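Reviewing the structure listed below.
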Amino acid sequence: MYKYFLVSLLVFIHPSPVDPIIDDFYHHPEKVLVAAHRADHNNYPENSLPAIKRAIAAGIDIVELDIRETKDGKIVIMHDQRVDRTTNGKGLVSEMTYAEIALLRLKKEGHITAEHIPTLEEVLKLTKGLIMIDLDFKAETSSALKETYRLVKANQMEKQVLFFVYDYKDAVAGLPVMPRVHNVEEVRTVLDMKSFSIMHIDESFYSDSLMSEVHKAGMRVWANALGKYDDMEEVQAGSGFEEMLKMKQVNVIQTNYPEQLLSYLKKKGYHR
């Protein structure tokens, strides 16, 4: 009994790897967090379990994944509507059963691998206590939303998971939602709602003063390095990230080069 109590006490005392990430996310806006776009798809198939494992091992803060629903209601991790580009199959995810999806194998740079399309349930079990997740919600049914939240809640991962929605009007009360805003007016509206811990912004309407208001409201500012800034990184390491950080209030950056960004931020003192 004493040994059982001691083990339980140690488990309670020792934080899990995700705890400092969550602490930074909610309490340390001065720290810039790194989000891996579709996990580490530079080395493994996008949205795959090995790509997620690599992001965890590298110490990345957040892994961005895409949610879709099969014909029979299973929640799977897949970016495209169709499986054609990323697997050895063909067809719409929404018109395939999970049994059919499970037979497919993911591709990496056109080559078929041994990896399967993960279910959300598999991903949650893999990531619990290890990394935050941004779920890019591409499934369009209310049943998919309910099932996704059921799984997140069943695994007690509400603090670890963000639900990314493309329109703040689609936000569901009680969910840890990251709304995307498209202009200054929407920023103001989301601020007035006082319902979110983070918002996804675009460079086109960024200003230090406006985003400072977002911080004062207790919200993080998420922006993408995808495209322009990641392209700069491919030409000269550090150049894209340096340019992006001129947007001083941005404190979550999504990139195709998460390990490089993490290293850059650590050198600059922006990461723990």
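The values are calculated or read from the model by the stated rules, or taken from the named source; none is laboratory data. Note that the structure is a prediction, hence the values are computed from the model and not measured. Glycine gets a Cβ as well: all are built from the backbone with ideal geometry, and neighbour counts include every protein chain shown. Ligands, DNA and RNA are stripped out before the accessible areas are found, and what is left, the full protein with its side chains, is counted by its heavy atoms. Shrake-Rupley method; radii C 1.70, N 1.55, O 1.52, S 1.80 Å.
Considering only protein heavy atoms, what per residue accessible area in square angstrom results for the chain with a 1.4 angstrom probe? Display every interim value, and only then the final one.
Values: 13450 Å² over 272 residues.
Heavy-atom SASA per residue in the chain reads 49 Å².
Quick one: dipole size for the range 135-272, taken about the Cα centre, charges +1 on Lys/Arg Cβ and -1 on Asp/Glu Cβ, in debye to the nearest 20. It would help to have the intermediate numbers written out before the result.
Details: 18 positive and 20 negative charges, 147 e Å.
Charge dipole, the range 135-272, about its Cα centre: 700 debye, nearest 20.
As I understand it, the dipole of the chain uses +1 on the Cβ of Lys and Arg and -1 on the Cβ of Asp and Glu, about the Cα centre. Which of 16, 35, 97 lies farthest toward its positive end?
16
How big is the range 162-247 by Rg and Dmax over its Cα atoms, in Å?
14.0, 43
To the nearest 20 debye, what is the magnitude of the charge dipole of the chain about its Cα centre, counting +1 on the Cβ of each Lys and Arg and -1 on the Cβ of each Asp and Glu? Write down the numbers at each step before the final one.
On the way: 34 positive and 40 negative charges, 166 e Å.
The dipole of the chain has a size of about 800 debye.
Starting from the Cα gyration tensor of the range 36-172, take the square roots of the eigenvalues, sort them a ≥ b ≥ c, and report rounded, prolate or oblate (rounded when a/c is under 1.5, otherwise prolate if a/b is larger than b/c, else oblate). Could the numbers behind the result be given before it?
Working: a/c = 1.68, a/b = 1.10, b/c = 1.52.
Judged from the Cα gyration tensor, the range 36-172 comes out oblate (a/c at least 1.5, b/c at or above a/b).
Given the pairs 90/146; 128/159; 74/153; 128/266; 125/159, which span a C-alpha to C-alpha distance of over 18 angstrom in this model? Intermediate values should be presented prior to the final figure.
Details: 90/146 27 Å; 128/159 10 Å; 74/153 16 Å; 128/266 25 Å; 125/159 15 Å.
Beyond 18 Å: 90/146; 128/266.
Under 14 Å from the Cα of residue 138, which aspartates and glutamates turn up, not counting those fewer than eight places away in the same chain?
64, 66, 69, 80, 147, 167, 170
Quick check: at a probe of 1.4 Å, how many percent of the accessible area of the chain sits on carbon and sulfur atoms?
On the way: 7170 of 13450 Å².
On the chain, the fraction of accessible area on carbon and sulfur atoms equals 53 percent.
Divide by every residue of the chain the summed helix terms, -39500 (n - 2.57) for each DSSP H run of at least 4, and state the resulting mean residue ellipticity at 222 nm, rounded to the nearest 500 deg cm²/dmol. Walk me through the intermediate numbers first.
On the way: 11 runs with 102 residues, N = 272.
-10500 deg cm²/dmol, from helical runs alone.
What's the center-to-center distance, using Cα atoms, between the range 19-93 and the range 200-230 in Å?
21 Å
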